[in-house]
Amino acid sequence: MRAAAVDLRSDTVTQPDAAMRRAMAGAEVGDDVYGEDPTMHRLEEEGAAALGHEAALFVPSGTMGNQIALHLHTSPGCEVICDARSHVVHYELGAMAVLSGLLPRVLPSDDGLPAPAAIEARIAPEVSYRARTGLIVVENSHNMAGGRVFGRDRLDPILAVARRHGLPVHLDGARIFNAAVALGTTAAELASGFDSVMFCLSKGLGAPVGSLLCGDAAVIREARRVRKMFGGGMRQAGILAAAGLLALQEGPGRLIDDHERARVLADTLAELPGFELDPATVESNIVICGVGEHPAAHALRDPEAADPAATFLAALSEAGVLASHVGPEHIRFVTHRDVDDVALDAVLEVVERL
Ligand code: TLP
């Protein structure tokens, strides 16, 4: 039998460990829609404090957290300015249009963060014949830009543009703790000045389910209503909050190991023929690389099929390594707590052999 695959498709695949399962089993719970779950109260308080915001709301997914924020900062018919590769555009199934009547106004960028001047130029003038700009969304770290991270020097000018125009800014901080670790700062430092911030407990931090939406008390009071409207009101959710608390307390401290492993992987891939990537752009736990010209993708490729990434992923999977498809010529590896040095060595051996 083949050894179990090393799964680098995402940091969402982590398994709750024994301590987390024990905490979940023993959690004190109540009906959270009535505001009576004590474990959930603790998680929301600790989450808000960690981000330096007044309040927080637990949501079942990062997508729901983002979509609640988009809904409550805007009105139907508004445009949302964001990077062309943002998660809210690519991987949320058109939810901003479906749930909130919003139109994405996407901007290109090299590293996932459009230039402040480009953002400012896209803010619609207040005239009777143009859709209004309702919101700016920033993503940090930026998933599809390969986990790039942005410090205050990059964030502040965008917040200044928003303030000049009286616009709210939402931060998709699904991996904000990765960004903080990569930059040697705190999540609160990176979250400050945003009108709302979503971060995921269920990615590198290791919880099985859940994200937190943070903001001031008025924003979160309204967010609680929108969550219920979107079908996200949960009852004895303290079982999930108990896992979230452990993830929040213990998860950030070990992300540095994931970053180091991503760096080793990136340096190795960059040295091998057929992989296109600049290891200097790998700043956190995500490695995106081009495989369009990779010999394994070519040798096995059906000449009719225009997707060398899918061909290469199939070869990787056959060899016991799972990665994900992020375009016809690009694949993504994400390091996480369930990939240790032994597993990483197995991955390096496979990519070297292929
Ligand atoms: N990202 C997932 C996939 O949807 C691509 C992944 O495997 O990376 N914002 C960002 C920046 C994200 O990367 C994700 C998930 C989300 C939001 C949504 O979180 P969930 O999956 O909890 O809805």
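The values are calculated or read from the model by the stated rules, or taken from the named source; none is laboratory data. Predicted model only: the values in this text are computed from it and were never measured. Methodologically, a virtual Cβ is constructed for each residue, glycine included, from the backbone with ideal geometry; neighbour enumeration extends over all protein chains shown. For accessibility, only protein heavy atoms count, side chains too; no ligands or nucleic acids. Shrake-Rupley method; radii C 1.70, N 1.55, O 1.52, S 1.80 Å.
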Conditions: (1) open to solvent by 10 Å² or more (accessible area, probe 1.4 Å); (2) on the phi > 0 side of the Ramachandran plot. Gly147 meets all but one. Number of the miss? (1)
Within the range 66-81, does at least one residue satisfy the condition of being in contact with a helix residue (DSSP H, G or I) (Cβ under 6 Å, 6 or more places away or on another chain) and farther than 21 Å from Ala162 by Cα? no
Condition met for Ala306 (at pLDDT below 95, over 20 Å from the mean Cα position of the chain (by Cα) and assigned to a loop (DSSP other than H, G, I, E, B)): yes
Could you please give the count of residues in the range 154-174 that are more than 15 Å from Gly47 (Cβ to Cβ) and open to solvent by less than 30 Å² (accessible area, probe 1.4 Å)? 10
Return the residue satisfying two criteria in turn: it lies in the range 247-274 and is more than 29 Å from Gly210 (Cβ to Cβ), among the small types (Gly, Ala, Ser) and modelled with pLDDT of 95 or more, and of such residues it is farthest from the chain's Cα centre (by Cα). Ala270
Scan the range 333-350 and tell me whether some residue there is within 19 Å of Asp267 (Cα to Cα), open to solvent by 30 Å² or more (accessible area, probe 1.4 Å) and in a loop (DSSP other than H, G, I, E, B). yes
Is one or more of the residues making up the range 62-71 hydroxyl-bearing (Ser, Thr, Tyr), touching a residue at least 60 places away in the same chain (Cβ under 8 Å) and not in a strand (DSSP E or B)? no
Scanning the range 84-103 residue by residue, those touching a Cys at 6+ places or on another chain (Cβ under 9 Å) and either open to solvent by 60 Å² or more (accessible area, probe 1.4 Å) or assigned to a helix (DSSP H, G or I) (or both) turn out to be Val88, Val89, Ser100, Leu103
Single residue of the range 46-61 satisfying the filter (within 15 Å of the ligand (Cβ to nearest atom) and open to solvent by 10 Å² or more (accessible area, probe 1.4 Å)) that is nearest to Leu167 (Cα to Cα): Ser61
Count, please, the residues in the range 160-218 that happen to be of a type in the set (A, V, I, L, M) and not in a helix (DSSP H, G or I). 12
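Yes/no matrix, rows are residues, columns are (1) of a type outside the set (Lys, Arg); (2) in contact with a strand residue (DSSP E or B) (Cβ under 7 Å, 6 or more places away or on another chain); (3) within 24 Å of Ala50 (Cα to Cα):
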residue	(1), (2), (3)
Glu126	yes, no, no
His142	yes, yes, yes
Ala145	yes, no, no
His165	yes, no, no
Pro168	yes, yes, yes
Asn178	yes, no, yes
Ala191	yes, yes, yes
Ser196	yes, yes, yes
Ala207	yes, no, yes
Pull out all pairs, ordered by first then second residue, where Cβ-Cβ is under 8 Å, the residues are six or more apart or on different chains, the first lies in the range 272-289 and is on the phi > 0 side of the Ramachandran plot, and the second is among the small types (Gly, Ala, Ser) and crowded, with 21+ Cβ neighbours inside 10 Å. Gly274/Ala297
Of the residues Ser86, Ser10, which is in contact with a strand residue (DSSP E or B) (Cβ under 6 Å, 6 or more places away or on another chain), touching a residue at least 24 places away in the same chain (Cβ under 8 Å), under 25 Å from Ser192 (Cβ atoms) and within 16 Å of the ligand (Cβ to nearest atom)? Ser86
Can you tell me which residue within the range 309-330, out of those that are free of Cβ contacts under 8 Å to residues at least 40 places away in the same chain and within 16 Å of the ligand (Cβ to nearest atom), is surrounded by the most Cβ atoms within 10 Å (Cβ to Cβ)? Ala309
Across (1) surrounded by fewer than 22 Cβ atoms within 10 Å (Cβ to Cβ); (2) more than 20 Å from the chain's Cα centre (by Cα); (3) in contact (Cβ under 8 Å) with a residue 24 or more places away in the chain, Leu183 clears everything bar (2)
Which residue, of Ile81, Ile119, is of a type in the set (A, V, I, L, M), more than 15 Å from the ligand (Cβ to nearest atom), within 27 Å of Phe177 (Cβ to Cβ) and assigned to a helix (DSSP H, G or I)? Ile119
